[in-house]
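See below for the structure under consideration.
The values are calculated or read from the model by the stated rules, or taken from the named source; none is laboratory data. What you are looking at is a predicted structure, and each value in this text was computed from that prediction instead of being measured. Cβ placement follows ideal geometry from the backbone for every residue including glycine, while neighbour counts extend to all protein chains displayed.
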Amino acid sequence: MSNYAVRRFKDRLFFFLGIACIVLAVLPLGSILLEVIVKGLPTLSLNFLTTVPGPGGANVGGIGPAIQGSLILIGLTSLIGIPLGVLSGIYLAEYGDAPYARVMRSLNDVLTEFPSIVVGLTVFLVVVLKVSGSVGLGFSPLSGAIALSFILIPIVARTAEEAIKLVPNALREASMALGVRKWRTTLSIVLSVAKAGLVTGILLAVARVAGETAPLILTVLGNTHFFEGFNEPLAALPLQIYQDALSADPGIQARAWGAALILILVVLSLNIVVRLATRGRMGNSGRK
Amino acid sequence: MNVEKREDPGMSEQERQRAPTDEFAMNTTGSMDVAPKLQSEGLRAFFGKNEALHGIDFSIRPNKVTAIIGPSGCGKSTFLRCLNRMHELTPGAKASGQVLLDGGNIYAPKIDPVLVRRRIGMVFQKPNPFPTMDIYDNVAAGLKLTGMKKGKNLDDIVKNSLQQASLWDEVKDELHKPGTSISGGQQQRLCIARTIAMQPEVILMDEPCSALDPIATSKVEELMVQLKGTYTVVVVTHNMQQAARVADFTAFFYLGKLIESGPTASLFEKPREELTERYLTGRFG
Amino acid sequence: MKISGDRIFNVVSAVVAATAAVILAITAYTLATGSAPILQKEGLSFFTGIMWNPNPAHEVFGALPYLEGTLVTSAIALIIGVPLSLGIAIFLSEMSPATVRVPISYLVELLAAVPSVIYGLWGLFVFRFYVKDYLEIPLNKYLGWIPAFKGTPYGLDVLTAGLILAIMIIPTVSSISREVLRAVPNPIREGAYSIGATRWEVVSKWVVSYGRSGIFGAAILGLGRAVGETMAVTMVIGNSVGPDAIPTSLLKPSQTMASLIASNVRDASDPLSFSAYIGVGLMLLILGLSINVIAQVMVTRLLKVKGGAVE
C-alpha cells in the first residue's frame, strides 16, 4: 500500500499548496491596507482634508483640492458615462442577437481592456490640444471626465447588459401582453427589475474609475488650487498621490499616504458595501 | 384603436351576448349560429424553419370559455400566442394566415400588434406579477404604461378589476404590499386582474393553473366561468378534467393540427376522431 | 406611416451602443496619424532602434527597449502570477469547504479594486525593500554569475515591476480560471473519482486538462492587463531611457511602453518627440489589442457552452 501512501501524501501536499497560493495572494492586500493605514492615518485631520497642498518642508498643507477635483471628475464622468453606458447595455441586452449587436459587444469588450494611458494620450490629442482637428478644451475638468468616461462606458455597458439579461422574460411578456410598447416595457418594467444589479454595477465601475491615474496625467494635469474654472487644470486624488510619491520631501511623501488612505477608503468601502448588499439581496430572492 | 370592429347591424350588443346561450347551438360540424369573436383561418406558425402549426381553421364564440387541449408539443400554446400576436415576439418566430377579431384580420399589414394585445389580454402559465410594484400598481400598470389612464379614476378601475378577479376581499387592506408577497394562487388572480384592468374583449390563458395547488386552481377555475359573462375566455390546458369543468367548447390539437372541436360535453362523450378518443382515454400524451 | 416609439428607441440605443466602436476608431485614427511624423523620420528603426534622444540637435527615437521592457515584465508577471492564480482557482473550485469559498474569493477580488497608483505607492515605499532584501540580494550574491541576476540590488527595477504586475493580474486570471473550472462538467469528475483517483489526480489529470484552453485564455487576458498597466509599473521600474532601459538583468532599472509615456510625455517639447511618444502608444495599442482579441476568442468560446442556459 505504499503506493497509496504516496498518493495520499501528494493529495495533502496539493491541499496545502492551494492554501499557500491564497496566502501569497492575500498577503500583499494585507500589507497594502496595513501600510496605507499606518502611514496615512497620522496625517489625517480636518485641516488636511480641506486645505491646499503646501510646497513642502514645514508647510505640507492638505489635499482639499485633490478631493474636490476627484469629486468633480467623478460627477462629470458619471454624467457622461452612465447614460451612454446604460443605453448601450440596454441595446446589447434587448436587441443583442443582431449581427450588428454582436460586433458592438465585442468592440465594447475590447475597449474594456484598453491600456488606460492610451486613452489619456488619445483624449489629449483629440480634446485637450489647442490645434486644428482637436476640440481644444485644454487641461480641464471636462477633458479629464471625457477620458474617464472612455473607461467607464464599456464597463457600465457590460454590467448593465448582464443585469438586464437577468430579468426574467416572463415579465417582458406580461407587459407586452398588456399592450405596452417595447420601449416602455424596457424602461419601466425591465429597468426597474434590473435596478439593483444596475446600481451595483455602476457603483463598482465608478469606484474603479475614481482610482484611475494614467488618463488624468495628460488631461487635467493637476493643480495646487481649488477648482479654478472649466478652462483650468484640476487636481485629483490619484494624481496627487502619484506626484507626491515622487517627491523627496518626507512631509510630501506622507501627504501621498494620507491621500492614498482617503482614496482606498472610498474605493474599498464602495466595493465592500455593494458586495455585501448584493449578497443579502441574492439570499432573499434566491428562494423563489 | 386600429383594429376595427366589424359592423354587424343585424345584431345589437345585447343580442350578441344573449344569443349563444344554448350550449348545443353549434352543430357537430363546427358551424355557428353567432358571429365568432375570434376566428383563425389557415393559421400557420413557425419557429425558424420548423412549422409548429399547420394551417388552423378555428372559431371561438363570444362570451364562452373555450379550452384547447392536447399532448405537450401539440402547438396549443403556440396557437394561443398567435391569437394576440405574442408568438412573433419569440426570436425567429413567425406566423402566417389570418386571425379575425370581430371579423377584422389582426395580421393585416397596417395593424399594430400592440393595439391588438390591448383588446386580447393574456394570462401566463406561471404567475408573473411585476416584482417591483405593489398590488395596486400591478393592476394599474397596463393603463399607466400605455398612457390610457387619462380621464379615468384609477382607484375605481383597480378596485373593479380586483373584484372581478375575486381578489379584492383578500387584498383590499394591503394594496401597497409588493405584488410578489401574496400566495401563488393570489398572484395568478392578480395577473388576471391586471389583464382585466385593460378592459380587453378576449382573455387568453396559457395553462393558468399548472403552477398552482388544487385549492388555488379551483378558485381560478371558478373565476374563468364568471369571467365569460363579460369576456371571451380561451384557455390552454393539459388537464382534461379542467377543460371538462370550465369549458363550453373544447378543441383538441395534435402535432400542430386541430383534430376536432365542439361543445365540451359532446367532445368528451362522443369524440368523432379516433385520435381524440385515444387521447381522452389516456392512451397517449 | 408614422414612426413608432419602438423604432426610435431601437435606433437611438443602437446608435449609442456604437460608442465603444467610435472611441476605438478615434483612438486608432488619432494614434496612427499622430505617429506618422516619427514613422516617416525613423522608418523601421523606430521599432528596432535603441537610442532615445529628444534633444533637437541629435533627435533619434528607437522604441525597442520599451517593447522589451514590457514583454519581460509581463513575462515575469505570468510566470509568477499564473501558477498562483491557478492554485487559487483550483483550491476554490475543487477543494475548499463552502464556508470559506465566498470570503476568500472575495478577498482575492478586492485585489482588483485597489487602484493602480496605490500599488505604485506601496511598491515604491514598501514592497521594493522586501524585494531588495529578500530576493535581489540573495539572488545577486549566490547566482550573480547568471546574467539575469547581475547588477546592483536596488529594488526599483524589472523584478519589482514584474512582481507587482504578478499580484495585479491574480484577480483576473484566478476568477476566469475558476469560471473555466466550474464549466468543466461534473460527470468528468465523478468518472475519475469512481475509478479511485485522489483529488489531486482528478484535478491534475482530468479537470485541468479539460479546461486547458480556457485557462490559457485566462493567462492571455492577464498578459493583456500586464502589458497595459501603467501607474504601478511607472513608479517602481526605475524609468531609464535608451540603451539603459534594455532589460538585460532583473536587477536593472528599465522602462515599459506605458511607463515611458506616463513618465516622460509631459516633458516632450517639440512635435517630433511628441510624435515619438504617440508612436509608442500605437505600438502599445496594437500589442494590447491583439492580446485581448486572442484571449477573448479563447475564453468566450469555452464559456459559451455554459452561458447558453439562460432562457
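The table for this structure:
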item: Residue identified as modelled with pLDDT under 95, of a type outside the set (D, E, K, R) and surrounded by 15 or more Cβ atoms within 10 Å (Cβ to Cβ) among C:Ala161, C:Ala183; result: C:Ala183
item: Single match in A:Leu29, A:Leu44 (criterion: hydrophobic (A, V, I, L, M, F, W, C), within 8 Å of chain C (Cβ to nearest Cβ) and out of contact with any His (no Cβ under 7 Å at 6 or more places or on another chain)); result: A:Leu29
item: Residue, nearest to A:Ser116 (Cα to Cα), within the stretch C:197-241, restricted to residues that are among the polar types (S, T, N, Q) and within 14 Å of chain A (Cβ to nearest Cβ); result: C:Thr230
item: Residues that are of a type in the set (Val, Ile, Thr) and more than 23 Å from the chain's Cα centre (by Cα), drawn from the stretch C:51-94; result: C:Val60
item: Members of the stretch A:260-278 found to be more than 9 Å from chain C (Cβ to nearest Cβ) and not β-branched (Val, Ile, Thr), listed by number; result: A:Leu261, A:Leu265, A:Ser269, A:Leu276, A:Ala277
item: Residues within the stretch A:71-121 that are at the interface with chain C (Cβ under 9 Å from one of its Cβ atoms), free of Cβ contacts under 8 Å to residues at least 12 places away in the same chain and assigned to a helix (DSSP H, G or I), tallied; result: 9
item: Filter pass, B:Ser161 being within 14 Å of chain A (Cβ to nearest Cβ), crowded, with 23+ Cβ neighbours inside 10 Å, over 20 Å from A:Asn169 (Cβ atoms) and polar (S, T, N, Q); result: yes
item: Filter result for C:Ile79 (within 11 Å of chain A (Cβ to nearest Cβ) and part of a helix (DSSP H, G or I)); result: no
item: Cβ-Cβ under 7 Å pairs, at least 6 apart or on other chains, the stretch A:225-252 side at the interface with another protein chain (Cβ under 9 Å from one of its Cβ atoms) and touching a residue at least 40 places away in the same chain (Cβ under 8 Å), far side surrounded by fewer than 15 Cβ atoms within 10 Å (Cβ to Cβ) and of a type in the set (A, V, I, L, M); result: none
item: Candidate set from the stretch B:274-285 (those that are under 24 Å from the mean Cα position of the chain (by Cα) and assigned to a helix (DSSP H, G or I)); member that is surrounded by the fewest Cβ atoms within 10 Å (Cβ to Cβ); result: B:Leu280
item: Any hit, the stretch C:56-63, residues being out of contact with any strand residue (DSSP E or B) (no Cβ under 8 Å at 6 or more places or on another chain) and surrounded by 15 or more Cβ atoms within 10 Å (Cβ to Cβ); result: no
item: Residue in the stretch A:266-283 that is of a type in the set (A, V, I, L, M) and assigned to a loop (DSSP other than H, G, I, E, B) present; result: no
item: Those strands (runs of 3 or more DSSP E) lying entirely in the stretch B:28-138 with at least 2 residues away from every other protein chain (no Cβ under 11 Å) and not aromatic (Phe, Trp, Tyr); result: B:38-47, B:50-60, B:65-69, B:93-101
item: Boolean, A:Ser175 is touching a residue at least 12 places away in the same chain (Cβ under 8 Å), of a type in the set (S, T, N, Q), more than 8 Å from chain C (Cβ to nearest Cβ) and part of a helix (DSSP H, G or I); result: yes
item: Some residue of the stretch C:17-37 being crowded, with 22+ Cβ neighbours inside 10 Å, more than 9 Å from every other protein chain (Cβ to nearest Cβ) and either assigned to a helix (DSSP H, G or I) or without any contact (Cβ under 8 Å) to a residue 12 or more places away in the chain (or both); result: no
item: Every residue from the stretch A:49-86 that is hydrophobic (A, V, I, L, M, F, W, C), modelled with pLDDT under 95 and under 16 Å from A:Gly258 (Cα atoms); result: A:Val60
item: Search result, residues across the stretch A:9-26 that are more than 7 Å from chain C (Cβ to nearest Cβ) and basic (Lys, Arg); result: A:Arg12
item: C:Ala89 being of a type in the set (Gly, Ala, Ser), part of a helix (DSSP H, G or I), more than 7 Å from every other protein chain (Cβ to nearest Cβ) and free of Cβ contacts under 8 Å to residues at least 12 places away in the same chain; result: no
item: Failed item in (1) more than 17 Å from C:Ala75 (Cβ to Cβ); (2) touching a Ser or Thr at 6+ places or on another chain (Cβ under 7 Å); (3) at the interface with chain A (Cβ under 10 Å from one of its Cβ atoms), with C:Val265 passing the rest; result: (2)
item: Test: residue in the stretch C:133-140 that is closer than 28 Å to A:Val206 by Cα and within 23 Å of the chain's Cα centre (by Cα); result: no
item: Unique match (being assigned to a loop (DSSP other than H, G, I, E, B) and within 29 Å of B:Thr132 (Cα to Cα)) among B:Pro271, B:Pro208; result: B:Pro208
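To keep it simple, each residue is scored yes or no on (1) surrounded by 16 or more Cβ atoms within 10 Å (Cβ to Cβ); (2) touching a Leu at 6+ places or on another chain (Cβ under 7 Å); (3) closer than 30 Å to C:Leu272 by Cα.
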{"residue": "C:Pro65", "(1), (2), (3)": "yes, no, yes"}
{"residue": "C:Ala98", "(1), (2), (3)": "no, no, no"}
{"residue": "C:Val108", "(1), (2), (3)": "yes, no, no"}
{"residue": "C:Leu121", "(1), (2), (3)": "yes, no, no"}
{"residue": "C:Phe125", "(1), (2), (3)": "yes, no, no"}
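Listed here are the residues, each with its yes/no results for (1) away from chain B (no Cβ under 14 Å); (2) in contact with an Asp or Glu (Cβ under 6 Å, 6 or more places away or on another chain); (3) not in a helix (DSSP H, G or I).
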| site | (1), (2), (3) |
| --- | --- |
| A:Lys130 | yes, no, yes |
| A:Val135 | yes, no, yes |
| A:Ile146 | yes, no, no |
| A:Leu191 | no, no, no |
| A:Val199 | no, no, no |
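Yes/no matrix, rows are residues, columns are (1) surrounded by fewer than 21 Cβ atoms within 10 Å (Cβ to Cβ); (2) of a type outside the set (A, V, I, L, M, F, W, C):
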position: A:Val180; (1), (2): no, no
position: A:Thr185; (1), (2): no, yes
position: A:Leu198; (1), (2): no, no
position: A:Ala210; (1), (2): no, no
position: A:Asn223; (1), (2): no, yes
position: A:Asp244; (1), (2): no, yes
position: A:Gly251; (1), (2): yes, yes
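Each row is one residue, and each column tells you yes or no for (1) surrounded by 19 or more Cβ atoms within 10 Å (Cβ to Cβ); (2) modelled with pLDDT under 95.
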| position | (1), (2) |
| --- | --- |
| B:Arg44 | no, no |
| B:Asp57 | no, no |
| B:Ile68 | yes, no |
| B:Leu115 | no, yes |
